[in-house]
1. Just checking, which of ALA26, ALA66 is modelled with pLDDT under 90, surrounded by fewer than 13 Cβ atoms within 10 Å (Cβ to Cβ) and under 29 Å from MET86 (Cβ atoms)?
2. From the list GLN84, GLN53, GLN78, exactly one residue is touching a residue at least 60 places away in the same chain (Cβ under 8 Å) and in a helix (DSSP H, G or I). Which is it?
3. Within region 89-111, is there a residue that is under 19 Å from VAL22 (Cα atoms) and open to solvent by 70 Å² or more (accessible area, probe 1.4 Å)?
4. Could we say that TRP61 is aromatic (Phe, Trp, Tyr) and over 30 Å from PHE129 (Cα atoms) here?
5. Of the residues LEU41, LEU54, which single one is open to solvent by 80 Å² or more (accessible area, probe 1.4 Å) and over 16 Å from the mean Cα position of the chain (by Cα)?
6. Failed condition for MET11, given (1) in a helix (DSSP H, G or I); (2) at pLDDT below 90, with all others met?
7. Of everything in region 69-88, what is β-branched (Val, Ile, Thr) and either touching a His at 6+ places or on another chain (Cβ under 8 Å) or open to solvent by 40 Å² or more (accessible area, probe 1.4 Å) (or both)? Give them in sequence order.
Amino acid sequence: MSPQSQALHPMDHDARTGLRFVLEMAGAVALLAGASWLRHLPASDPVLRTGLQLLPIVPVWLILAAGVRNYFRIDEFQRLRFLQAMALASGITLCLSWSYPFARAVIDLPPLAPDHSVPFAIVFMIATFVLNVRGHRLL
């Protein structure tokens with residue numbers, strides 16, 4: 001890349017791709033928060049009430065679309081890391097959700113919410129960080 005084109009495009013491809021992914025995910029999560037808030041509004045019309053109840057479905061699928069778009073924008077090594085983080089986060093979240101009822105039977109814990117998206121997001125961020133820092137030396 002020539003110095004002149006570097007001046008026009010100060011961010012490299014990886015930084016732009018990462019920023020684009022973060023912005024898409026933040027927008028989808030903001031839409032999800034807004035749609036979740038709107039679904040609690042009172043509506044006397046049954047069609048409107050049904051629409052408000054179903055509204056959060058759209059941003060949920062936008063989150064998936066942002067992840068898929070990001071996957072196809074990144075190189076092979078980043079794809080490997082992305083898939084490893086997804087697999088690790090899925091496995092940890094699954095183990096936590098299966099282990100929680102047994103721990104709850106022994107320890108006075110609150111009931112587990114049926115929505116696992118927040119724990120998955122937290123575990124995914126931690127898994128991504130650990131995989132990027134530790135790499136293949138995870139265990």
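1. Testing whether each residue is modelled with pLDDT under 90, surrounded by fewer than 13 Cβ atoms within 10 Å (Cβ to Cβ) and under 29 Å from MET86 (Cβ atoms) leaves just ALA26.
2. Answer to the check: GLN78.
3. No - not one qualifying residue is present in region 89-111.
4. When the stated conditions are applied, TRP61 does not pass them.
5. Going through LEU41, LEU54 in turn, just one is open to solvent by 80 Å² or more (accessible area, probe 1.4 Å) and over 16 Å from the mean Cα position of the chain (by Cα): LEU54.
6. All conditions pass for MET11, except number (1).
7. none
Okay, residues lined up against (1) modelled with pLDDT under 85; (2) among the polar types (S, T, N, Q); (3) part of a helix (DSSP H, G or I):
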{"site": "VAL58", "(1), (2), (3)": "no, no, yes"}
{"site": "LEU109", "(1), (2), (3)": "no, no, no"}
{"site": "PRO119", "(1), (2), (3)": "yes, no, yes"}
{"site": "ALA127", "(1), (2), (3)": "yes, no, yes"}
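The values are calculated or read from the model by the stated rules, or taken from the named source; none is laboratory data. Bear in mind that the values here come from a model prediction, so they are computed numbers and not experimental data. Methodologically, a virtual Cβ is constructed for each residue, glycine included, from the backbone with ideal geometry; neighbour enumeration extends over all protein chains shown. What goes into the accessible areas is simple: the full protein's heavy atoms, side chains included, and nothing from ligands, DNA or RNA. Shrake-Rupley method; radii C 1.70, N 1.55, O 1.52, S 1.80 Å.
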